[in-house]
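Presented below is the structure to which this report refers.
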Amino acid sequence: MNQSETVIEVRNLVVEYGRGANTNQAVRNISFQIKKGESVGFIGANGAGKTSTIKVIMGFLFPAKGEALVFGDKAGSVQSRKRIGYLPEVALYYPFMKARELLELYGGLHGLNSRALKEKIPPLLDQLGLKDKGEVLLKNFSKGMQQRLGIAQAIIADPEALVFDELSSGLDPLGRYELRHVLLDLKQKGRTIFFSSHELTEVESLCDRVIMIHEGRIVTESPVADLMKPLNLFEIIFSLDSASMPPVVTKFNPTPEGDGYRVLIDDIAAYSEALSALASAGAVIRSASSKSRTLEEYFIELVGEKGEKQAV
Amino acid sequence: MNAQAGSNDLRWVRLHFIIGKGVFLEILRRKDLYVLIILSLLYVLGILVIHLVGIENPETANFLQNLGMSLAWFFAHILMLLNSSRQIPDDLENHTIYPLLAKPLKRSHYILGKWEAVSLSGVLSLFIFLFFGWLLAPGQMGNSSLLLVQTLILYILSLALFSALGLFLSLLLPRSVNAIVLGLLVFLGGNIFDIVKIRAQNARCGALWNWIICYIPDFSLFNLTTRYTDGIGPLSSMQFAGLLSYGFIMTAVVLYLAVKVFERRRL
C-alpha cells in the first residue's frame, strides 16, 4: 500500500431518514477522501450529519445517493471491515460479560486466535487504564470505563484504519489525556484515524486535517495548520487616560478591562505600531500577547456565518 | 484455491461459535434458567413425595409422566422465548450491534450464530428439564422406545423453529408483542388453528383463512408427549418424515426471511 492510497472515500453522499413527505436529509451531497496515515477530525454540531456519514462508512446505513468506499471496497463489505476498527458513539457493553471476555469476543470476530488474544488483552487493558479490570463484570463498569473498553475493542486487532464516533464521549479529563496518548501512538505508527468529536481542543491536538459539517453539508475541509494561520490575534491590556489614547489604538475599539483597557489587533505591523504609540503616550502595558483563536471559536464563527446566510 | 475455500468455511464456523459463546454466557449468567430449574425441582419434590406414598394405578403414573414431559417442553420453550426475542433488540438498544457488525462478519452470520446458540441452549435446557420431568417420573415399561426417539427429535426441531421465529419476529415487532405472539403460537397455536379451521368452514373467505394458516408454524404437531405417555404406537416413517420436512422447511424459510430483513435494515 503506498502512502497516497485512499483509505476512505465518500462520493456525493446523501443520507435520508423517513419517507415521502416526511423525508429528512441528514447528509446532503458530501464528498471527501481520507488518505493513508492521515488523522482527520470530523466536526459538527449535534444533528449535523457526522454519525450518519460514519454509519454509511461502516455499512450500517445505506445511502440514498452516492457511495462510500473503504480501501477501495464497498463500505460495509467484509473485506473492508477486516482493515478497520470502529468505536460507536455510545455503547453499553454486555453487562453479563467480563472485560476480558468482551475483548475475546470482538478480537475473535476480527480473526485473532486464542493465543494472540491472551497476549494482547492484558497490555491493552493496561494501556487504556483498565489494568486488573479484566475479570470484572461490565455491569460494574462506569461510563468512562465502558468507553475505554470500547476503544480497546476497536484497536485490539491493530487495524490499519480507525473510525471513532464521538471519541471522548463519557471520558473524564484524565481519560481524555490517556486516550490522546494512545491515539498519538497509533498516529506515529502510521495508522489512519478518522473521528468525530465535540472536543475541538482534542481535534486541534490530534488532527492533520479537519472536515467541518453543518446541516448535512461540508462547510470547510482544510489542514489544521491552515485553519489556524489566519486566526492570529494580538491582545494588549493597558492602563491609560482615555483622552491620551493614540489614534492607532482607538481605531481597534479598545474595551474596558478592569482599571484599564483591552484591545485586539489582527495585524502584526499594527500591533507593533500600537505598542510603540502606547509606550510613547505613557501607558502602563499590563500584558501584550499573541492570541490565537481556538478551533472552537473558528467553528462557531463559521457555523454562525452559514446560519446567517441561510437565514437571509 | 480449495484450501482457501476450506479455511473460509472454517472461519464462518468459528465466527458462529464466537457469537454463540456470547449467547451462552448470557444464558448462564442470567436468572431465567435457574428460576426454571428451581421450578423443575419443585416438580421433582412432588414426584418424590408421590413415590413415598406409592402410586396405585397406571393412569396416575401416565399422568405424572405426561406432566413431567410437558413441563420440560414448556420450560424449554419459555427459555427460548425469552432468549430469542431479546437477542437482537438488546444489541440494537445497547448499541452493541455496531462494534459486532464493524468486525468482518456478515449480517447473515450474526443471525445464524445467534440462532444456533439459542437453539442449542434450548436443547441443552430441554434435556436438563427432561432429566427432572421424564427420567425421575414413574416410568411405563410398555411405552414405545421408537416413539420416544421420535418425540425427542421433534422436540428439538420445535425448539429450532421456535428460536428462528423468535429472532425473525424480534426484527418486526416490539419485544412485548413478539413475546405474546410467540407464546400464543407455541402454547395455544394448535387450539387456535382448530378453532379457526372450524369457523373457516362456514365463513365466506374460509379458503383464505385455511391458506394463511398453512404458512404459520403449528408447534402442536411437534409435541407427541400425550401420544407417548398414553402408550400409542410410533408414527409411521412417512408421517415422521413429513413432520421432519415440515419442520426443516419452516425453519429454513423463517431463517431466510430473518436474514433478508436484517440485511436490509438500517442500523
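Computed from the coordinates by the stated procedures, all read-outs in this text should not be read as laboratory data. As the structure is a prediction and not an experimental result, all values here were calculated from the model. Cβ atoms come from the backbone with ideal geometry, glycine included; neighbour counts cover every protein chain shown.
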(request) Check cross-link reach from B:Lys21 to the aspartates and glutamates: straight Cα distance under 18 Å, and skip same-chain residues fewer than eight apart. (result) A:Glu101, A:Glu104, A:Glu135, B:Asp32, B:Asp90, B:Asp91, B:Glu116
(message) Taking amide H atoms as placed 1.01 Å from N in the peptide plane, list the residues 5 or more away in sequence, or in a different chain, whose amide H sits under 5 Å from that of A:Phe42.
(response) A:Phe195, A:Ser196, A:Ser197, A:Ile211
(message) Explain nothing, just the number: relative contact order of the range A:229-292, from Cα pairs under 8 Å at least 6 residues apart, as a whole percent.
(response) 53
(request) With an 8 Å cut-off on Cα pairs and a minimum separation of 6 or more residues, tell me the relative contact order of chain B in percent. (result) 28
(message) How large is the direction-averaged shadow of the alpha-carbon convex hull of the range A:6-227, in nm²?
(response) 12.2
(request) Using a 10 Å cut-off on Cβ to Cβ distances, tally the other chain neighbours for every residue of A:141-154 and report the average as a whole number. (result) 1
(request) Specify the angular offset, from 0 to 90 degrees and rounded to the nearest 10, of the alpha carbon long axis of helix B:107-130 from the longest principal axis of the alpha carbons in chain B. (result) 20
(request) Place +1 on the Cβ of every Lys and Arg and -1 on the Cβ of every Asp and Glu in chain B, take the dipole about the Cα centre, and give the residue among B:Tyr34, B:Ala76, B:Leu165 whose Cα lies farthest towards its positive end. (result) B:Leu165
(request) Can you pull a Stokes-Einstein diffusion coefficient for the range A:175-280 at 4 °C (1.567 mPa s), Rh from Kirkwood over Cα pairs, as a whole number of µm²/s? (result) 75
(request) Report, in whole Å, the centroid distance computed from the Cα atoms of the range B:166-186 and the range B:59-113. (result) 11
(request) In debye, nearest 20, what is the charge dipole magnitude of chain A about its Cα centre with +1 on Lys and Arg Cβ and -1 on Asp and Glu Cβ, if you could check? (result) 1220
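Got a sec? How would B:Tyr110, B:Tyr215 order by Cβ neighbour count within 10 Å, fewest to most?
Going from least to most buried by this count: B:Tyr215, B:Tyr110.
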(request) Note the angle between two axes, namely the Cα long axis of helix A:173-188 and the longest principal axis of the Cα atoms of chain A, as a number of degrees from 0 to 90, rounded to the nearest 10. (result) 70
(message) At 222 nm, what value in deg cm²/dmol follows for the protein assembly as shown if DSSP H runs of at least 4 each add -39500 (n - 2.57) and the sum is divided by all its residues, to the nearest 500?
(response) -18000 deg cm²/dmol
(message) Can you tell me which lysines have their Cα less than 27 Å from the Cα of A:Lys291? Leave out same-chain residues fewer than eight positions away.
(response) A:Lys229, A:Lys251, A:Lys306
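Using the number of other C-beta atoms within 10 angstrom as an exposure proxy, rank A:Ile211, B:Ile192, B:Ile212 with the fewest first.
Values: A:Ile211 23, B:Ile192 16, B:Ile212 12.
By the 10 Å Cβ count, ascending: B:Ile212, B:Ile192, A:Ile211.
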(message) Compute the angle between helix A:114-127 and the longest alpha-carbon principal axis of chain A, please, reported from 0 to 90 degrees and rounded to the nearest 10.
(response) 20
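For Cα pairs less than 8 Å apart in space and 6+ apart in sequence, what is the mean separation divided by the residue count of chain A, i.e. the relative contact order in percent?
Relative contact order comes out at 19 percent.
Give A:Lys55/A:Lys143; A:Lys36/A:Lys133; B:Lys31/B:Lys103; A:Lys35/A:Lys131; A:Lys50/B:Lys260 a once-over and call out the pairs whose C-alpha atoms are over 32 Å from each other. If you can, show how the numbers build up before the last one.
On the way: A:Lys55/A:Lys143 22 Å; A:Lys36/A:Lys133 34 Å; B:Lys31/B:Lys103 30 Å; A:Lys35/A:Lys131 34 Å; A:Lys50/B:Lys260 28 Å.
Violating the 32 Å limit, Cα to Cα: A:Lys36/A:Lys133; A:Lys35/A:Lys131.
Taking R0 as 25 Å, what FRET efficiency do you get between B:Gln201 and B:Gln239 from their Cβ-Cβ distance, rounded to the nearest 0.05? Write down the numbers at each step before the final one.
Working: r = 24 Å, r/R0 = 0.98.
The value I calculate is 0.55.
Based on DSSP, what percent of beta bridges with both residues in the protein assembly as shown are antiparallel, to the nearest 5?
Expressed as a percentage, antiparallel bridges in the protein assembly as shown total about 70.
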(request) Excluding residues fewer than 8 places away in the same chain, name every one of the aspartates and glutamates whose C-alpha is closer than 17 Å to that of A:Lys74. (result) A:Glu5, A:Glu9, A:Glu160, B:Glu263
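What order do you get for B:Ser158, A:Ser239, A:Ser52 when you list them from fewest to most C-beta neighbours inside 10 Å? If you can, show how the numbers build up before the last one.
Values: B:Ser158 26, A:Ser239 15, A:Ser52 22.
The most exposed by this proxy come first: A:Ser239, A:Ser52, B:Ser158.
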